[in-house]
Amino acid sequence: MERKGSSMFATKIGAILAAAGSAVGLGNIWRFPTETGTNGGAAFILIYVLFMILFGVPIMVTEFAVGRYGNKDVTHSFLTMSDGKKWWKYMGLMPVVAGFLVLSYYAVVAGWTLYYAVVAALDGFSGKEPHEYSEFFSSFASDEVKPIVWLVVVVMFTAAIVALGVRRGIERGARIMMPLLFVFIVVLVVCSMTLPGASQGVDFLLRPDFSKVNGATVLSAMGQAFFSLSVGICCLCTYACYFRKDVNLIHDGLSVAIIDTLVALMAGFIIFPAVYSIPGLSPDAGPSLVFVTLPNVFQHAFGDVVWLSYIFSVLFYLLLVMAALTSSISMLEMIVAFFHEEYRASRPLVAVLSSVACICLGALCSLSFGSLSDVTLFGMTIFDFCDFLVAKLLMPAGSLLICVFAGWVVKRDNMYAELTNGGVVNRYVFPVYYAIIRYVAPIGILLIFFNGLGLV
Ligand code: PHE
């Protein structure tokens, strides 16, 4: 049954921007530089781009096809496309659970970015000594109330947009936030590249050092590619059921991947030249790079031109906030679509209830930087465990699941019809795509996965 107008994306560009909004997020601007910095720079980036092309895009396109064909939330799409096999509907619950986990810990970091944007706008970063930024961050992150309040603000804002619906909420939000995000990012790259010492940062990003590459690096690069493209969690599968039938899924998948990679690289071109512009700072500061190293850099990099420091930091944290929001919207939408279809509950009601659940789990993640810091799961804090579980286990597992599903369970003709729009487009690309989904991607994911965990 064809969807009603308001529950579909109105335009093709709206569909691309919404999917790109899901893909472009903290993964590009916070996680990518962190992983690149700690895994040796350009060599990591090369492997990451390879994964994007070889696995990421085909899997994304598969999610699109399953979602648009199924025309419902992820579990019902799995059910429809498997010709009614109940077992596959239950498999579709795995992404829903993963969606809860990812939104919970993601919203914690999104809350930090919102707080930092407000502090930057109130000029709260100026005039601090370098060591004070680290104290500022740790006393904020370990606080029992403040970060949770910002977490609640982020999740509630996300819920409000999702409750507004597909066209009025998600599409409109993406159409406003994504272009703004591109403008901010270009302005920031230009500013950063003019800093003294910028060329060292560019060098770090462009000159590969393969001696740093091992099984764990490769697993990290794959995890990062999947995380960055939002694949394996079926948010894109849910979005695709709002796509019009004439959307060319392979074309859109490629466009989203190109936008996503460009944004990640540009984030690198903002951050690393800035870090190298101050002697003594290092690019491998880990997750605190964006919250400790950068506020310090922003204050000192522009010398006496104080207003430039101010603008740079406000724009940067606003950029992070918008990127985070368009992604968290897609996470919540996937969960809301499931409960809405399964229990026929109203979207606003489900949006609020799911948000409350995410806030509870998110609060635990947040407290793992303070009073719960000694609670560990497999040697990791609750926050780190959620990140590990999502990026290194559930997303690759979800991607494997969708490859096996599309390559071996769904009829080839159905995949062909969906990806070629009934034999009109992509006819010559389809066999290559199908071979990747059936053989290359599943075998590759399994090998890298076991190797990264030290099992082969
Ligand atoms: N791709 C998003 C980012 O880069 C994160 C995300 C993961 C979004 C999973 C949706 C699902 O930040």
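The values are calculated or read from the model by the stated rules, or taken from the named source; none is laboratory data. From a predicted model like this one, the values you see are computed outputs, not experimental measurements. FYI the Cβ positions are ideal-geometry reconstructions off the backbone, even for glycines, and counts take in every protein chain you see. Just so you know, the surface numbers come from the protein's heavy atoms only, side chains and all, with ligands and any DNA or RNA stripped out. Shrake-Rupley method; radii C 1.70, N 1.55, O 1.52, S 1.80 Å.
Only one entry of Phe226, Phe184, Phe210 meets the criterion of being closer than 27 Å to Ser313 by Cα, in contact with a helix residue (DSSP H, G or I) (Cβ under 8 Å, 6 or more places away or on another chain) and in contact (Cβ under 8 Å) with a residue 60 or more places away in the chain, and that entry is Phe184.
Taking the numbered list (1) touching a helix residue (DSSP H, G or I) at 6+ places or on another chain (Cβ under 6 Å); (2) β-branched (Val, Ile, Thr); (3) more than 15 Å from the ligand (Cβ to nearest atom) in turn, Ile53 passes all entries but (1). Taking helices (runs of 4 or more DSSP H) as the structural unit, those lying wholly within segment 164-266 and holding at least 1 residues that are at pLDDT 90 or above, among the basic types (Lys, Arg) and out of contact with any Ser or Thr (no Cβ under 6 Å at 6 or more places or on another chain) correspond to 172-193.
Restricting Leu188, Leu229, Leu219 to residues that are crowded, with 20+ Cβ neighbours inside 10 Å, within 14 Å of the ligand (Cβ to nearest atom) and of a type outside the set (Lys, Arg) narrows the list to Leu229.
Within the bounds of segment 80-96, is there any residue that is open to solvent by less than 20 Å² (accessible area, probe 1.4 Å) and within 14 Å of the ligand (Cβ to nearest atom)? Among the residues of segment 80-96, at least one is open to solvent by less than 20 Å² (accessible area, probe 1.4 Å) and within 14 Å of the ligand (Cβ to nearest atom), which makes the answer yes.
Which ones in segment 7-43 are more than 16 Å from the ligand (Cβ to nearest atom) and under 15 Å from Gly223 (Cβ atoms)? Within segment 7-43, Thr38, Asn39 meet the criteria. A residue that is at positive phi, out of contact with any His (no Cβ under 9 Å at 6 or more places or on another chain) and open to solvent by 10 Å² or more (accessible area, probe 1.4 Å) can be found somewhere in segment 338-361.
When residues in segment 114-163 are screened for being assigned to a loop (DSSP other than H, G, I, E, B) and within 18 Å of Phe369 (Cβ to Cβ), 4 of them pass. Of all the residues in segment 287-334, those that are open to solvent by 10 Å² or more (accessible area, probe 1.4 Å) and under 17 Å from His131 (Cα atoms) number 8.
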